[in-house]
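The values are calculated or read from the model by the stated rules, or taken from the named source; none is laboratory data. Remember, predicted model here, so these are calculated numbers, not experimental data. Cβ coordinates were reconstructed from backbone atoms using ideal geometry, including for glycine residues, and neighbour counts include every protein chain displayed. Note: areas computed on protein heavy atoms with side chains; ligands, DNA, RNA excluded. Shrake-Rupley method; radii C 1.70, N 1.55, O 1.52, S 1.80 Å.
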Amino acid sequence: MERIETKTPAPTKKNEVWEWTRAILIAVICVVVVRWFLFAPFIINGDSMEPNFSEDEKLIVNKVLYNFAEPKRGEVIIFHANEREDYIKRIVALPGEKVKVEGDQVYINGEPLDEPYLKEAVASAAASGKTYNNLNYPEQTVPEGTVFVLGDNRPGSKDSRSSSIGFIRNDTIIGRADLAFWPLGKFGLISHE
């Protein structure tokens, strides 16, 4: 019986270069797709979301979520505030709801809103004989296709209470902040409750 040996031809330099080039191109395309269409990094500029988010904190924003789901109360979103700036705020009221801010209490359809993410800040202000919030907002109905947002730092936030911001149109929302990744001490998923 005769043995037949088959040899795989040794890769040529040209073949090897093409394989590396192809692998790098695929990696670059994947990064571009993920970065521009699915997720994006965001650096917080300012103190409007303190005490929960701080200046220079880095987050990952889910850019595709709102293509498949409607925004929900409590979600922390990034949106285009104007042509040059993106803001981070928390959704407080949804389309068709009546929202009112009076002192440290937000009312949705006449019912007080529970905001566990502000309990410590409100209690600390109350202990010093002050209110945490310094800007009330008369009752208004949130128009369809928009949301009402507030910064967690109620005394230092430019948000839907301001006439220059107002209700946030859904088509200006970039995405939902889902992950804090810097500083490492704050690494983790972001709670939206």
GLU139 meets each of (1) exposed (fewer than 15 other Cβ atoms within 10 Å of the Cβ); (2) out of contact with any Lys or Arg (no Cβ under 7 Å at 6 or more places or on another chain); (3) modelled with pLDDT of 90 or more with one exception, condition (2)
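Of the residues that make up segment 114-123, is at least one open to solvent by 70 Å² or more (accessible area, probe 1.4 Å), of a type outside the set (Ser, Thr, Tyr) and in contact (Cβ under 8 Å) with a residue 24 or more places away in the chain?
Going residue by residue through segment 114-123, those that are open to solvent by 70 Å² or more (accessible area, probe 1.4 Å) are 114, 119-120.
Still in the list and also of a type outside the set (Ser, Thr, Tyr): 114, 119-120.
Right, trim to in contact (Cβ under 8 Å) with a residue 24 or more places away in the chain and you get 120.
For segment 114-123, residues open to solvent by 70 Å² or more (accessible area, probe 1.4 Å), of a type outside the set (Ser, Thr, Tyr) and in contact (Cβ under 8 Å) with a residue 24 or more places away in the chain: present.
With ARG176, ARG169 as the choices, which residue is within 23 Å of LEU94 (Cα to Cα), touching a helix residue (DSSP H, G or I) at 6+ places or on another chain (Cβ under 7 Å), open to solvent by 30 Å² or more (accessible area, probe 1.4 Å) and of a type in the set (D, E, K, R)?
Numbers: ARG169 fails: touching a helix residue (DSSP H, G or I) at 6+ places or on another chain (Cβ under 7 Å).
Criteria check complete, one pass: ARG176.
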Working only within segment 61-82, note down all residues that are β-branched (Val, Ile, Thr) and either without any contact (Cβ under 8 Å) to a residue 24 or more places away in the chain or surrounded by fewer than 19 Cβ atoms within 10 Å (Cβ to Cβ) (or both). VAL64
Give me the residue from segment 151-166 that is free of Cβ contacts under 8 Å to residues at least 40 places away in the same chain and part of a loop (DSSP other than H, G, I, E, B) and, out of that set, most open to solvent (accessible area, probe 1.4 Å). SER163
Name the single residue that is farthest from LEU150 (Cα to Cα) among those in segment 108-129 being within 23 Å of the chain's Cα centre (by Cα) and not hydrophobic (A, V, I, L, M, F, W, C). GLU120
Could you check segment 122-150 and list, in sequence order, the residues that are under 20 Å from VAL99 (Cβ atoms) and either among the small types (Gly, Ala, Ser) or assigned to a loop (DSSP other than H, G, I, E, B) (or both)? THR131, TYR132, ASN133, ASN134, LEU135, ASN136, VAL142, PRO143, GLU144, GLY145
